[in-house]
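Notes follow the structure.
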Amino acid sequence: MNDAMAEPEPVDALPDPGTPDAQAPRDGAPEPAAAAPLEVVRELTGHPGVDAHLARLAEVDDLPADGHPEVYEDVHRGLRAELTSLDAHPAPRPHDNRS
């Protein structure tokens, strides 16, 4: 039995200049990918305020990734406000008719 391991194959450090992988900007930073729609299906909740905030999530389909947090944070604030409003205006309780 031979315990010797085979030498790893040498790997080229840089791609061939004629390949698409070699077309990065000169500063070495990769170019951002174009925005691609997520096409997530959003179902209506039946609560108009919540549905309006959730509909805003579709805006991220047209934004680069660095624009997503602003929309997500705004939607989150809106949804929190909707939940808070439920506490501020509680629904009337049914009367207890067991007397």
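Any read-out appearing in this document is the output of simple, stated calculations on the displayed coordinates, not a laboratory observation. Since the model is a prediction, treat every value here as computed from it, not as a measurement. Here the Cβ is made from the backbone with ideal geometry for all residues, glycine too, and neighbour counts use every protein chain on show.
List of remarks:
- Straightening the chain between residue 73 and residue 45 buys 8.1 nm, computed as 0.36 nm per residue apart minus the Cα-Cα spacing.
- Based on the convex hull around the alpha carbon atoms, region 41-87 presents an average projected area of 3.3 nm².
- Net length gained if the chain between residue 81 and residue 58 were fully extended (0.36 nm per residue, minus Cα distance): 6.3 nm
- Among 61-71, 37-47, the order from most to least packed when residues are scored by Cβ within 10 Å on average: 61-71, 37-47
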